[in-house]
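These notes concern the structure reproduced below.
The values are calculated or read from the model by the stated rules, or taken from the named source; none is laboratory data. All values reported here derive from a predicted model rather than from experimental measurement. Cβ placement follows ideal geometry from the backbone for every residue including glycine, while neighbour counts extend to all protein chains displayed. Protein only, heavy atoms only, side chains kept; ligands, DNA and RNA dropped before computing areas. Shrake-Rupley method; radii C 1.70, N 1.55, O 1.52, S 1.80 Å.
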Amino acid sequence: MNHAQQAPLEFRDLRKRYGATPAVAGISLAIAPGAFVALVGASGSGKSTLLKTVNRLVEPSGGTVLFEGADVAGLPLAALRRRIGYVFQSVGLFPHMSVAENIAIGPRLVGERLPASRIAELLELVDLDPAMAPRMPDELSGGQRQRVGVARALASEPQLLLMDEPFGALDPVTRDALGQRVRKLHAELGLTTVMVTHDMAEALLLADRILVMDGGRIVADETPHALLDGAGGEIAQALVSVPRGQADRLAELAR
Ligand code: ADP
């Protein structure tokens with residue numbers, strides 16, 4: 001298998017237990033280069049735990065995670081995290097550091113300095129004014145902070161972008177705009193992206209592959225089109241019925 005065809009990410013019988021709770025109960029799947037994957041499911045279904053095994057924020061109880069064919073357990077942590085962009089659920093900017101310092105933190109941890117021109121470029125990538133570089137996080141709106149979070153995740157030019165409920169705390173307009181921006185960046189930068197969300201509408205609109213989790217297992221693995229066509233089983237269809245019902249009611253109102 002040559003490099004171009006190598007799955008950027010693969011789980012083999014991955015398991016994680018917290019005491020008696022099986023958070024991830026044996027997951028095997030491969031993610032193709034360039035895919036935009038949404039990991040959807042109810043709260044507590046294991047989405048975050050699965051995502052966090054990739055950059056080793058969580059150590060699995062069993063099974064293997066392969067990043068570009070290599071077992072992540074055997075990779076040096078700093079090098080692994082450098083090659084994987086990670087956008088946190090609650091933004092996670094350091095409050096005592098400027099926007100520029102926050103963006104540059106990943107490279108700095110491995111002894112590299114990001115030039116101001118690169119920071120400006122990263123800010124422009126997420127539709128922020130480069131003049132924001134010296135500002136502090138508390139001088140930004142929630143949406144601007146999360147844009148900085150995305151810029152920070154992209155600072156090391158990762159091939160793989162992981163996002164844990166990245167837009168959950170944002171108002172609907174900002175959420176929609178940032179979702180579309182990230183989808184464009186995904187294409188422009190040739191990324192492979194895995195996004196955790198509990199919002200099936202967001203998953204249907206942004207992803208090209210949707211994994212539905214329930215009780216630590218993947219219960220559906222479908223394209224948005226197939227899900228809207230009724231595939232994926234009961235749990236997946238219960239999630240799809242929410243945005244579908246809303247769309248139907250809106251269409252009714254607009255008549
Ligand atoms: P999701 O992201 O789908 O909301 P999580 O992966 O956060 O689900 O959690 C899956 C299960 O594992 C839940 O039952 C949760 O309570 C449990 N869990 C998650 N993290 C921890 C932890 N650090 N310690 C103990 N239990 C945890």
Where Gly44 falls short, out of the listed (1) loosely packed, with under 14 Cβ neighbours inside 10 Å; (2) in a loop (DSSP other than H, G, I, E, B); (3) of a type outside the set (Phe, Trp, Tyr): (1)
Only listed residue being hydroxyl-bearing (Ser, Thr, Tyr) and in contact with a His (Cβ under 9 Å, 6 or more places away or on another chain), chosen from Thr192, Thr174: Thr192
Selection count, the range 228-246, where residues are of a type outside the set (Val, Ile, Thr), away from the ligand (no atom under 16 Å from the Cβ) and in contact (Cβ under 8 Å) with a residue 24 or more places away in the chain: 3
Which listed residue, of Ala32, Ala23, is modelled with pLDDT of 95 or more, more than 14 Å from the chain's Cα centre (by Cα) and near the ligand (Cβ under 7 Å from one of its atoms): Ala23
Selected residue [touching a strand residue (DSSP E or B) at 6+ places or on another chain (Cβ under 9 Å), part of a helix (DSSP H, G or I) and within 21 Å of Asp127 (Cβ to Cβ)] from Glu234, Glu202: Glu202
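Looking at Leu50, is it open to solvent by less than 10 Å² (accessible area, probe 1.4 Å), away from the ligand (no atom under 16 Å from the Cβ) and in contact (Cβ under 8 Å) with a residue 40 or more places away in the chain? Lay out the reasoning, then the answer.
On the way: open to solvent by less than 10 Å² (accessible area, probe 1.4 Å): yes; away from the ligand (no atom under 16 Å from the Cβ): no; in contact (Cβ under 8 Å) with a residue 40 or more places away in the chain: yes.
No.
Scan the range 123-143 and give yes if some residue there is more than 23 Å from the chain's Cα centre (by Cα), under 25 Å from Lys52 (Cα atoms) and modelled with pLDDT of 90 or more, otherwise no.
Within the range 123-143 (the criterion being more than 23 Å from the chain's Cα centre (by Cα), under 25 Å from Lys52 (Cα atoms) and modelled with pLDDT of 90 or more), the answer is no, since none of the residues qualifies.
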Subset tally (residues that are basic (Lys, Arg) and either touching an Asp or Glu at 6+ places or on another chain (Cβ under 7 Å) or assigned to a loop (DSSP other than H, G, I, E, B) (or both)) for the range 210-231: 0
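Please list, ordered by residue number, the helices (runs of 4 or more DSSP H) wholly in the range 105-170 having 2 or more residues that are more than 27 Å from His198 (Cα to Cα) and not charged (D, E, K, R).
Working: elements: 105-109, 116-125, 142-154.
Qualifying helices (runs of 4 or more DSSP H): 105-109, 116-125.
Condition first: more than 15 Å from Ala133 (Cβ to Cβ) and either part of a loop (DSSP other than H, G, I, E, B) or β-branched (Val, Ile, Thr) (or both). Now tell me which residues in the range 80-104 satisfy that.
Initial filter on the range 80-104 (more than 15 Å from Ala133 (Cβ to Cβ)): 80-92, 95-96.
Of everything in the range 80-104, those that are more than 15 Å from Ala133 (Cβ to Cβ) and either part of a loop (DSSP other than H, G, I, E, B) or β-branched (Val, Ile, Thr) (or both) turn out to be Arg83, Ile84, Val87, Gln89, Ser90, Val91, Gly92, Pro95, His96.
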Pairs where the first residue, in the range 173-195, is over 16 Å from Ile31 (Cβ atoms) and the second is part of a helix (DSSP H, G or I) and open to solvent by 70 Å² or more (accessible area, probe 1.4 Å), C-beta under 8 Å, 6+ apart: Gly179/Leu205
Lone qualifier among Asn2, Asn55 - being open to solvent by less than 20 Å² (accessible area, probe 1.4 Å) and modelled with pLDDT under 95: Asn55
